[in-house]
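What follows is one structure encoded as structure tokens, with my remarks underneath.
FYI, it's all coordinate maths here, none of it is from the lab. No experiment lies behind these values; they were computed from the predicted model shown. Backbone-built Cβ (ideal geometry, glycine too); neighbour counts: all protein chains shown.
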């Protein structure tokens, strides 16, 4: 045998001998500490080697039993380690659930003790509610029946009213027929008895028409009194022309004529005199004679009707106007000489018209009627507003109702009663409690100021002072726009009597 094989055999023999020696020494250690090391992995694999001599089991049975023991003990230890905390938590949870169960039992007992009396109370309440509902139903049925009866009564009343209306209309128709029969009889009698004097009636009508033509004071409309169209050229101090509607109180006209007031009035159909559109009853100089415009040989009526006309009051009672054929001299609004005698005559006439008497007036007002622009009037759908806010066409409060503003006068006066923003002149007529008219009374102060006065359909309107006191006053015309010409005619007669 070769040497190399012998060497290999020798090495294996020595190796196995060493293993046997080491195994014998470890076997004794394992068997000595069997209970602690029996489940080591290497011991489990070689457990047949550690079977005691006195053990009746075979080596394979001993190894199988040791394996089963180790597997079961390892599994038990693992499961105990895994579920110990879980079981501990479950135990504590079960303890807490027992406590909550006791708490819920107590709450249930308490709630039951509360719910039972509440349930009894609600049972009684619902019983009463049902009784009330039944009673309300009965009441509603009674009300419904009562409403039906009321509706039937109302319908019957309507039919009764219709019947009464029919009776009333038939009665009126019957009365009208009776009145017509009586009128027919009267007409027949008039025809029989008054036929001979019919020619005289024609003469009377002609006479009345002639008088009315000569004396238009009681029938002439206000716009046809003393007014110009808005674009009438007035001759100024400088010789320039200016439309009458643009003039202001205080302007200076030709011949040092001072404008004391500018008046705005409603329009009427106009006459044309040398291209000047003016009302027919305005007075104009024809040579040295004063005549109506309508009587001037060069004047003719036109179809022109301006909505608003204008006129002036001047200190010389004249208005210089430029026509197509040269200057024309018109009288101003007053047409009465600016004198104390004329003013006293006007006061007598105005007092006679307003109070129905003719007093011997010793004093006349120091200024024409004028109101402070800050005084208030009551405008329809506008309430109390300052006088300066009023426009032509507005409806304002009067003594008994509403009156329409037909004109506005803006003027300069030189005396006043009252303080600034609350001024009036002593020329304003006030209505007294007894129905009479008197001029304003108070301390008269010498002060120059610019004020306003209105022209109304009724001739009067209501004002409110700063003290909230209300008064009924006459408008700018004093006597009413329908009596202007009549009053001027009376003044002229008084002045003629004086002379």
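Observations on the structure shown:
- Approximating the spin labels as points 7 Å out from Cα along Cα→Cβ, the residue 92-to-residue 414 distance works out to 11.7 nm.
- Mean silhouette area of the chain, derived from the convex hull of its C-alpha atoms and averaged over all directions, reads 84.6 nm².
- For the stretch 38-107 versus the stretch 381-417, the gap between their alpha-carbon centres in whole angstrom: 119
- Degrees, to the nearest 10: 3-32 long Cα axis against longest axis of the chain: 70
- Considering the stretch 223-346 at the alpha-carbon level, its Rg and Dmax are found to be 13.5, 40 Å.
- Measuring max minus min along each principal axis, the C-alpha atoms of the stretch 340-498 give extents of 49, 33, 29 Å (largest first).
- Neighbour-count order for 487, 97, fewest beta carbons within 10 angstrom listed first: 97, 487
- Theoretical gain in end-to-end length, residue 171 to residue 285 [0.36 nm per residue, Cα-Cα removed]: 34.7 nm
- Computed E for residue 84/residue 126 - FRET, C-beta separation, R0 45 angstrom, nearest 0.05: 0.15
- Once the Cα gyration tensor of the stretch 377-469 is diagonalised, semi-axes √(5λ) in Å: 22, 16, 13
- Translational diffusion coefficient of the stretch 431-499 (Stokes-Einstein, Kirkwood radius from Cα pairs, 10 °C, 1.306 mPa s): 108 µm²/s.
- FRET efficiency, 1/(1 + (r/R0)^6) with R0 45 Å, evaluated for residue 482 and residue 184 via beta carbons: 0.75
- With neighbour counts taken as other beta-carbon atoms within 10 Å, the residues 404, 411, 138 rank, fewest first, as 138, 404, 411.
- Projected onto their three principal axes, the Cα atoms of the stretch 77-191 cover extents of 152, 35, 17 Å, largest first.
- Pair residue 468, residue 236: separation of 7 Å Cα→Cβ label points (nm): 4.7
- Sorted by Cβ density within 10 Å, fewest first, the residues 282, 33: 33, 282
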